[in-house]
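These notes concern the structure reproduced below.
The values are calculated or read from the model by the stated rules, or taken from the named source; none is laboratory data. All of these numbers come straight from a predicted model, not from anything done at the bench. In this analysis, Cβ positions are derived from the backbone assuming ideal geometry, glycine residues included, and neighbour counts consider all displayed protein chains. The protein model used for the area step is the full one, side chains on, heavy atoms only, and it has no ligands, DNA or RNA in it. Shrake-Rupley method; radii C 1.70, N 1.55, O 1.52, S 1.80 Å.
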Amino acid sequence: MIGHALDPDRCVAVCAVDGELEHWYPTLRALQDIVRHVSVVMPAPRPAMIAMDGVVMESAPFEAVMDQLGQDANLDSVLLLVEPCVFDARAFDRAKQAMDDDPRIAVVCPIGNSSGYLSAPFRNQPTHHQIDDLDELAVHERLNSTPPDPLRIAPIPVAAGPIALLARHVLGIIGSRLGEVGHRRLWISDFSLRALRRGFLTVVDPAAFALRPWDLGLPSVDALDDLEQRHRLHDLHPFWSEVFDGERVARDSTVGIAVGAASARIRGLDVAIDGTCLGPKEMGTQVQTLALVRSLCERDDVNRVTVAVPGSPPLYAKAILDHAKITVVADSDGRFPADLEAHIVHRPFQPDRDLPFDAWSGTALRTVVTVQDVIAYQVGPYHPSAGSWASYRSYMRSSLYESDGVVVISGDTLRAARSEGLITDDSRTFVVENGTDHLSGDEPVVVPMAIEDRGWLAAPFLVVLGANYGHKNRDLAIGAWHTLRKMGHPHRLVMVGAAVPIGSSRAAESKTLASIGNDADGVLVLPDLTSEERNWVLRHADLVLYPTSAEGFGLVPFEAARFGTPCLSVGFGPLLEVAPDLPVRARSWLPADLASAAHELLSDPDLANRQRLSAIDAGMPYTWARTAQGLVTAYHTLLSLPPKRPSHLHTKIGSR
């Protein structure tokens, strides 16, 4: 006998058998693992039964057996089975613990593949066969080992299914009246409703699963769906049916939340990703989105990923989006086909516009939005007008309010969002840092044509990566580079990044270049390069200058290090949070301070190598597999919480 919370000396099982006794042998064997005494109650005449330890045939009527057990002070619970099923031996440990914690709980029901409105992975849709290749043991493992915390036991209006744990003291109060309702398949439901009359509660444990295999007898129509039997139950308990009929289909009911969360664990998550950022240019947001999509697909507990892109997938995204688990749909607004059924819709980048939450709530059970940073929220010059800045701020506030959950990519981003009053509910907010291992340093490289045309293939150079947003401080990098030239360093400067239409540093860059006269010939400004060209630049630069003053995470230092190149930045926010121990940092963003720190690295190859290795070491814990783990934890947590928006999915995934 394995030790469990369910004390076999304080619990017995009663099997109300009506039909072939041989169908019950797997059930009886399962019961032998958790109780020492099993009563088999059958209509007369009793057929012969193979002798099994602890299993006895009862000659008394069912009502008498239950009444006798209700008066047995040596018991504290009774397992009642009205149809054959099998289950993990640990399935009722939490049920017993719940009863111990709250003596008002009269009935605890598991979910099951054929448990009426407690059926999973499809509510109200019994599955008469084994779920995929999972038996009852494998389902139990998925329900109890998948993050995050255990699924929540939830109150329900009426008990259902083939098996339930009953509190003995409640049975002692109402046990003698069991059987009045008629058919055995209503006995568990009837008991729970009689208990409710006295204020006792019925709950479902979505982490416990009872499997009804096909060969244990094909289940008939669920008792609570059978009109004749519903009428019988309604005659005795006229209060139950209307609430039950509403709760069974609503996704925001306690049943909907509990069974929906369990279903996601059993089948694996179906995730819909807003990939409308995947346009022609590959920048940080695109790298992040594709890396997390790939890492989600690599998990066994993710079943399917649907990605909405604004048109044909760009070349840089094709290899990842060709994954067998991925379905690509074209929609520039991030909407999904009307018949798509998902657990989660996730926009993994800034909520910078009015998001289609009405459409998303018809697609998925929960919505998630990622905040990468609050830069554009705080910096007005990144917007074409005062009104557009105000609109952006409004969109961001409303999106975070309407979304079921919010992901932030660093602790610094969380602090900044809190300081702006954007984050107010910690239970729905998750810090899920980016990974740093999307590049290995062994990726293919291609020489940028512009570098070859200038004859710089053999020339030493520094590189600045990033679009010409003001906070990237590219003009300060030019000033630092020019100072280095005066100090005797022969390096050219290559600046790579897309040109943005508003809020750029183009004027400041032009002014700085004009101030250095003919030395400006040593600066090459390139638009955003292909992945292969960018890889070449990272591999061949002597140093990456990264004078950014605002980031959500900051991937550049880790990308550079993978290709063998050190990176120099100022220590602030997420750069200090993720990599606190780099040997060299600039004291400030002043060109003189940037140049002084760069001089240290360019003059000492050993120090430069330590700078690079320190970045690699700092980034090692931050893998995209870890990111996917954090997202899956967030998704499951949100599925166990009520949705923020009204229920629309009465017939979709987890609600059928």
| In µm²/s, what is D for segment 248-297 at 20 °C and 1.002 mPa s, where D = kT/(6 pi eta Rh) by Stokes-Einstein and Rh is the Kirkwood radius from Cα pairs? | 161 µm²/s
| field | Qualifying GluC sites (Glu not before Pro) for segment 9-109 [loop in DSSP, other Cβ within 10 Å: at most 14] | value | 20
| task | Mind jotting down the three principal axis lengths of segment 1-139 based on Cα atoms? Whole angstrom, largest first. | result | 39, 38, 28
| said: Only four residue types carry charge here, +1 at the Cβ of Lys and Arg and -1 at the Cβ of Asp and Glu. Report the dipole size of segment 1-106 about the Cα centre in Debye, rounded to the nearest 20. | reply: 140 debye
| How much mean residue ellipticity at 222 nm does the chain get from its helices, if each DSSP H run of length 4 or more adds -39500 (n - 2.57) and you divide by all residues, to the nearest 500 deg cm²/dmol? | -10500 deg cm²/dmol
| said: What would the Debye equation give as log₁₀ I(q)/I(0) for segment 98-181 at q = 0.11, 0.16, 0.24, 0.25 Å⁻¹, counting only Cα atoms as equal point scatterers? | reply: -0.39, -0.78, -1.28, -1.32
| request: Please list the equivalent ellipsoid semi-axes of segment 502-616, computed as the square roots of five times the alpha-carbon gyration tensor eigenvalues, in descending order and whole angstrom. | output: 23, 17, 16
| request: Could you work out the Kirkwood radius for segment 450-529, taking every pair of different alpha carbons, averaging 1/r and inverting it, reported in Å? | output: 12.8 Å
| task | Enumerate the amide H contacts of residue 331 below 5 Å, restricted to partners 5 or more residues apart or on another chain; note that Pro and chain-start residues carry no placed amide H. | result | 309, 311
| Toward the positive end of the charge dipole of the chain, about the Cα centre and with charges on Cβ (Lys, Arg +1; Asp, Glu -1), which of 570, 263, 279 goes farthest? | 570
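Once the Cα gyration tensor of segment 581-646 is diagonalised, what are the square roots of 5 times its eigenvalues, in whole Å and ordered largest first, as equivalent ellipsoid semi-axes?
Computed over segment 581-646, the values are 42, 17, 6 Å.
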| request: Starting from the Cα of residue 641, step 7 Å toward the Cβ, then list every residue of segment 425-452 with an amide N under 12 Å from that point. | output: 425-431
| note | Regression test value, accessible area per residue of segment 292-450, probe 1.4 Å, units Å², expected 41 Å²
| task | Just list whichever of 281/325; 96/644; 281/511; 472/511 have alpha carbons separated by over 22 Å in the model shown. | result | 281/325; 96/644; 281/511
| field | log₁₀ of I(q)/I(0) at q = 0.06 Å⁻¹ - the chain, Debye sum with one point per alpha carbon | value | -0.45
| field | Largest-first principal axis extents, alpha carbons of segment 141-193, Å | value | 43, 23, 19
| request: Kindly report the accessible area of segment 58-164 per residue (heavy atoms of protein chains, probe 1.4 Å, no ligands, DNA or RNA), in Å². | output: 36 Å²
| field | Axial C-alpha extent at least 30 Å, average Kyte-Doolittle at least 0.5 - helices from the chain (DSSP) | value | none
| For segment 179-266, accessible area per residue (1.4 Å probe, heavy atoms of protein chains only), Å² | 37 Å²
| Leaving out ligands, DNA and RNA, what percent of the accessible area of the chain is carbon and sulfur, probe 1.4 Å? | 51 percent
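Quick one: net charge of residue 204's neighbours, Cβ under 14 Å, K/R +1, D/E -1? Provide the component values of the computation, followed by the final result.
Values: positive: 94, 123, 152, 248; negative: 205, 247.
Counting the neighbours of residue 204, the net charge comes to +2.
Could you quote the convex hull projected area for segment 82-127, Cα atoms only and averaged over all directions, in nm²?
3.8 nm²
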| task | Mind putting together the pair-distance distribution for segment 277-416? All Cα pairs, 5 Å bins, whole percent per bin, short to long. | result | 2, 9, 17, 22, 22, 16, 8, 3, 1, 0
| message | Past the 21 angstrom mark, what percentage of all C-alpha to C-alpha distances in segment 325-393 do you count? | response | 36 percent
| Gain in length, residue 518 to residue 391, computed as 0.36 nm per residue apart minus the alpha-carbon separation, to one decimal in nm? | 41.3 nm
| said: Given Cα positions, please report Rg to Rh for segment 51-110, the hydrodynamic radius being the Kirkwood one. | reply: 0.97
| field | Global size of segment 137-275 as Cα Rg and Dmax, reported in angstrom | value | 16.7, 61
| message | About the Cα centre, and with charges only on the beta carbon of Lys, Arg (+1) and Asp, Glu (-1), how big is the dipole of the chain? Nearest 20 debye, please. | response | 1300 debye
| message | Classify segment 437-587 from the C-alpha gyration tensor, please: rounded if a/c falls under 1.5, else prolate or oblate depending on whether a/b exceeds b/c. | response | rounded
| remark: Once 323, 489 are ranked on solvent-accessible area with the largest value leading and a 1.4 Å probe, the list reads 323, 489
